[in-house]
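Below: one structure, written as C-alpha coordinates.
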Amino acid sequence: MAFDMKLVYKGIFSNNEQLPLGALPDNAVKFKEPKNLTETVIKSSLFSLPALAGVALFLGVSRLLHGELAYNGTVRGMLFAFLTLVPHEFLHAICFGKDAEVELFIAPKQLSLFVISTQPITKARYIFLSLLPNLVFGWLPLAVWAALPYSAFFSDHLLTFSVLAILFGVGDYMNSYNAARQMPKGSMQQLSGFNSYWFMPDQADQGDGSVDPQ
(Lines give C-alpha, C1' and ligand atoms only; values in the text may rest on other atoms or scores of the structure.)
Protein backbone atom coordinates (compact mmCIF):
# COMPACT_ATOMS: atom_id res chain seq x y z
CA MET A 1 0.00 0.00 0.00
CA ALA A 2 1.36 3.43 -0.93
CA PHE A 3 0.18 7.03 -0.67
CA ASP A 4 2.03 8.18 -3.81
CA MET A 5 -0.61 6.81 -6.17
CA LYS A 6 -2.26 9.38 -8.48
CA LEU A 7 -5.95 9.99 -7.83
CA VAL A 8 -7.78 11.71 -10.71
CA TYR A 9 -11.33 13.04 -10.35
CA LYS A 10 -13.24 12.15 -13.55
CA GLY A 11 -16.61 13.71 -12.77
CA ILE A 12 -20.06 12.30 -13.44
CA PHE A 13 -20.29 8.67 -14.56
CA SER A 14 -22.85 8.02 -17.30
CA ASN A 15 -21.69 4.93 -19.21
CA ASN A 16 -19.01 2.21 -19.29
CA GLU A 17 -17.21 3.82 -22.23
CA GLN A 18 -15.80 6.43 -19.84
CA LEU A 19 -13.80 3.77 -17.98
CA PRO A 20 -10.15 2.97 -18.77
CA LEU A 21 -9.24 -0.26 -20.53
CA GLY A 22 -6.39 -2.30 -19.13
CA ALA A 23 -3.77 -4.11 -21.21
CA LEU A 24 -4.88 -7.57 -20.16
CA PRO A 25 -2.87 -10.78 -20.58
CA ASP A 26 -4.17 -13.24 -23.15
CA ASN A 27 -5.11 -15.69 -20.39
CA ALA A 28 -7.27 -13.18 -18.47
CA VAL A 29 -10.66 -14.51 -17.33
CA LYS A 30 -13.60 -12.16 -16.82
CA PHE A 31 -15.31 -12.33 -13.44
CA LYS A 32 -18.87 -13.60 -13.26
CA GLU A 33 -20.33 -10.33 -12.00
CA PRO A 34 -22.83 -7.56 -12.89
CA LYS A 35 -22.30 -5.87 -16.26
CA ASN A 36 -23.19 -2.31 -15.25
CA LEU A 37 -23.47 -0.09 -12.20
CA THR A 38 -27.26 -0.31 -11.87
CA GLU A 39 -27.12 -4.12 -11.87
CA THR A 40 -24.28 -3.94 -9.34
CA VAL A 41 -26.36 -1.81 -6.96
CA ILE A 42 -29.31 -4.20 -7.22
CA LYS A 43 -27.36 -7.44 -6.80
CA SER A 44 -25.04 -6.13 -4.10
CA SER A 45 -28.06 -5.14 -1.98
CA LEU A 46 -28.44 -8.86 -1.18
CA PHE A 47 -25.22 -8.59 0.81
CA SER A 48 -26.96 -6.24 3.23
CA LEU A 49 -28.59 -9.32 4.78
CA PRO A 50 -25.37 -10.97 6.07
CA ALA A 51 -24.09 -7.49 6.98
CA LEU A 52 -27.16 -6.87 9.13
CA ALA A 53 -26.74 -10.33 10.65
CA GLY A 54 -23.23 -9.27 11.68
CA VAL A 55 -24.63 -6.06 13.18
CA ALA A 56 -27.19 -8.11 15.12
CA LEU A 57 -24.37 -10.22 16.52
CA PHE A 58 -22.65 -7.10 17.88
CA LEU A 59 -25.95 -5.90 19.33
CA GLY A 60 -26.23 -9.23 21.13
CA VAL A 61 -22.68 -8.94 22.46
CA SER A 62 -23.42 -5.44 23.74
CA ARG A 63 -26.52 -6.64 25.54
CA LEU A 64 -24.62 -9.52 27.14
CA LEU A 65 -21.89 -7.16 28.31
CA HIS A 66 -24.00 -4.24 29.45
CA GLY A 67 -27.56 -5.44 29.96
CA GLU A 68 -30.59 -3.72 28.46
CA LEU A 69 -29.92 -2.29 25.00
CA ALA A 70 -30.72 1.41 24.71
CA TYR A 71 -30.57 3.05 21.29
CA ASN A 72 -31.97 6.05 19.44
CA GLY A 73 -30.98 6.79 15.86
CA THR A 74 -29.35 10.19 15.35
CA VAL A 75 -29.16 12.61 12.44
CA ARG A 76 -25.62 13.53 13.48
CA GLY A 77 -24.53 9.90 13.19
CA MET A 78 -26.08 9.71 9.72
CA LEU A 79 -24.32 12.92 8.65
CA PHE A 80 -20.94 11.66 9.82
CA ALA A 81 -21.49 8.40 7.93
CA PHE A 82 -22.20 10.25 4.67
CA LEU A 83 -19.08 12.35 5.21
CA THR A 84 -17.00 9.14 4.98
CA LEU A 85 -18.03 8.45 1.37
CA VAL A 86 -15.02 10.23 -0.15
CA PRO A 87 -12.52 8.92 2.45
CA HIS A 88 -14.02 5.46 1.82
CA GLU A 89 -13.01 5.69 -1.84
CA PHE A 90 -9.61 7.14 -0.94
CA LEU A 91 -8.85 4.09 1.19
CA HIS A 92 -9.73 1.90 -1.81
CA ALA A 93 -7.47 4.03 -3.99
CA ILE A 94 -4.31 3.87 -1.88
CA CYS A 95 -4.51 0.08 -1.81
CA PHE A 96 -3.83 -0.12 -5.55
CA GLY A 97 -0.22 0.57 -4.66
CA LYS A 98 2.75 2.68 -5.67
CA ASP A 99 2.57 4.53 -9.01
CA ALA A 100 -1.02 3.42 -9.70
CA GLU A 101 -3.30 5.90 -11.46
CA VAL A 102 -6.75 5.74 -9.92
CA GLU A 103 -9.86 7.44 -11.31
CA LEU A 104 -12.73 8.64 -9.13
CA PHE A 105 -16.28 8.86 -10.50
CA ILE A 106 -19.59 10.07 -9.07
CA ALA A 107 -22.74 8.24 -10.18
CA PRO A 108 -25.74 10.35 -9.07
CA LYS A 109 -28.37 8.05 -10.58
CA GLN A 110 -27.09 5.13 -8.51
CA LEU A 111 -26.31 7.36 -5.48
CA SER A 112 -22.74 6.13 -5.38
CA LEU A 113 -19.07 6.93 -5.83
CA PHE A 114 -16.40 4.54 -7.06
CA VAL A 115 -12.74 4.35 -8.01
CA ILE A 116 -11.12 2.34 -10.77
CA SER A 117 -7.53 1.53 -11.72
CA THR A 118 -6.10 -0.85 -14.31
CA GLN A 119 -3.18 -1.68 -12.01
CA PRO A 120 -2.89 -5.50 -11.57
CA ILE A 121 -2.97 -6.59 -7.93
CA THR A 122 -2.89 -9.88 -6.05
CA LYS A 123 -6.00 -11.69 -4.89
CA ALA A 124 -5.22 -10.93 -1.25
CA ARG A 125 -4.64 -7.23 -1.96
CA TYR A 126 -7.89 -7.00 -3.93
CA ILE A 127 -9.90 -8.49 -1.07
CA PHE A 128 -8.09 -6.23 1.42
CA LEU A 129 -8.69 -3.21 -0.86
CA SER A 130 -12.40 -4.04 -1.02
CA LEU A 131 -12.90 -4.51 2.72
CA LEU A 132 -10.56 -1.90 4.26
CA PRO A 133 -12.94 1.11 4.28
CA ASN A 134 -15.73 -0.98 5.77
CA LEU A 135 -13.44 -2.20 8.54
CA VAL A 136 -12.18 1.32 9.32
CA PHE A 137 -15.50 3.17 9.19
CA GLY A 138 -17.95 0.38 9.98
CA TRP A 139 -16.92 -2.76 11.82
CA LEU A 140 -14.20 -1.29 14.07
CA PRO A 141 -16.45 1.57 15.33
CA LEU A 142 -19.22 -0.98 15.87
CA ALA A 143 -16.85 -3.16 17.91
CA VAL A 144 -15.89 -0.11 20.01
CA TRP A 145 -19.59 0.68 20.53
CA ALA A 146 -20.32 -2.91 21.64
CA ALA A 147 -17.35 -3.01 24.02
CA LEU A 148 -18.11 0.25 25.83
CA PRO A 149 -21.01 0.81 28.23
CA TYR A 150 -23.84 3.03 27.02
CA SER A 151 -23.16 6.76 27.04
CA ALA A 152 -25.81 9.27 26.04
CA PHE A 153 -23.01 11.53 24.78
CA PHE A 154 -21.76 9.28 21.95
CA SER A 155 -23.26 5.76 21.87
CA ASP A 156 -26.31 6.57 19.74
CA HIS A 157 -24.21 8.60 17.30
CA LEU A 158 -21.55 5.90 17.05
CA LEU A 159 -24.01 3.07 16.42
CA THR A 160 -25.89 5.04 13.74
CA PHE A 161 -22.59 5.98 12.09
CA SER A 162 -21.11 2.49 12.09
CA VAL A 163 -24.25 0.67 10.87
CA LEU A 164 -24.67 3.06 7.93
CA ALA A 165 -20.97 2.80 7.07
CA ILE A 166 -21.29 -0.99 7.06
CA LEU A 167 -24.28 -0.85 4.71
CA PHE A 168 -22.48 1.56 2.39
CA GLY A 169 -20.03 -1.29 1.70
CA VAL A 170 -22.41 -3.89 0.27
CA GLY A 171 -20.81 -3.61 -3.17
CA ASP A 172 -17.41 -4.21 -1.61
CA TYR A 173 -18.67 -7.36 0.09
CA MET A 174 -19.90 -8.66 -3.26
CA ASN A 175 -16.51 -7.94 -4.87
CA SER A 176 -14.71 -9.75 -2.06
CA TYR A 177 -17.07 -12.71 -2.33
CA ASN A 178 -16.53 -12.93 -6.09
CA ALA A 179 -12.76 -12.79 -5.68
CA ALA A 180 -12.73 -15.42 -2.94
CA ARG A 181 -14.94 -17.77 -4.97
CA GLN A 182 -13.58 -17.23 -8.48
CA MET A 183 -9.86 -16.40 -8.23
CA PRO A 184 -7.42 -19.32 -7.90
CA LYS A 185 -4.59 -19.18 -5.38
CA GLY A 186 -1.70 -17.10 -6.71
CA SER A 187 -3.79 -15.28 -9.32
CA MET A 188 -3.84 -11.55 -10.03
CA GLN A 189 -6.85 -9.25 -10.41
CA GLN A 190 -7.13 -6.41 -12.92
CA LEU A 191 -9.90 -4.01 -13.85
CA SER A 192 -10.63 -3.14 -17.47
CA GLY A 193 -13.68 -1.11 -18.34
CA PHE A 194 -16.41 -1.98 -15.87
CA ASN A 195 -15.30 -5.57 -15.36
CA SER A 196 -12.77 -7.38 -13.21
CA TYR A 197 -10.51 -10.08 -14.63
CA TRP A 198 -8.15 -12.60 -13.08
CA PHE A 199 -5.10 -14.27 -14.52
CA MET A 200 -2.16 -16.43 -13.44
CA PRO A 201 0.99 -14.29 -13.65
CA ASP A 202 3.31 -17.18 -14.49
CA GLN A 203 1.21 -17.94 -17.59
CA ALA A 204 0.52 -14.37 -18.71
CA ASP A 205 1.29 -13.06 -22.18
CA GLN A 206 0.46 -9.37 -22.33
CA GLY A 207 -2.38 -8.52 -24.68
CA ASP A 208 -2.95 -5.30 -26.61
CA GLY A 209 -5.54 -3.85 -24.24
CA SER A 210 -8.36 -4.03 -26.80
CA VAL A 211 -10.90 -5.41 -24.36
CA ASP A 212 -14.67 -5.16 -24.50
CA PRO A 213 -15.68 -3.53 -21.17
CA GLN A 214 -19.15 -5.03 -21.39
Can you tell me the orientation of helix 48-66 relative to the chain, as the angle in degrees between its alpha-carbon axis and the longest Cα principal axis, to the nearest 10? 30
Given points 7 Å out from each Cα along the Cα-Cβ axis, report the V61 to S14 separation in nanometres with one decimal. 4.6
Considering only protein heavy atoms and a probe of 1.4 Å, how much of the accessible area of the chain is carbon and sulfur, as a whole percent? 65
Beyond 25 Å, what share of the Cα-Cα pairs of the chain is found? Please give it as a whole percent. 42
The helix 123-134 Cα axis meets the longest alpha-carbon principal axis of the chain at an angle in degrees, between 0 and 90 and rounded to 10, of 40
Checked against a 27 Å limit on the C-alpha separation, the offending pairs among K35/K98; K32/K123; K35/K123 are K35/K98
GNM on the chain, Cα springs under 10 Å; top mean-square fluctuation among H66, H88, H157 goes to H66
Beta bridges per DSSP with both ends in the chain, % antiparallel, nearest 5: 70
Heavy-atom surface of the range 35-181, accessible at 1.4 Å and reported per residue (Å²): 51
Ignoring trypsin sites (Lys or Arg not before Pro) that are buried or in helix or strand per DSSP, and keeping those with at most 10 other beta carbon atoms within 10 Å, what is the longest stretch of the chain between them? 33-184
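The values are calculated or read from the model by the stated rules, or taken from the named source; none is laboratory data. Just so it is clear, the model here is predicted, and its values are computed rather than measured. Note that we place each Cβ from the backbone using ideal geometry, even for glycine, and neighbour counts take in every protein chain shown. Calculation scope for accessible area: heavy atoms of the full protein, side chains included, ligands and nucleic acids excluded. Shrake-Rupley method; radii C 1.70, N 1.55, O 1.52, S 1.80 Å.
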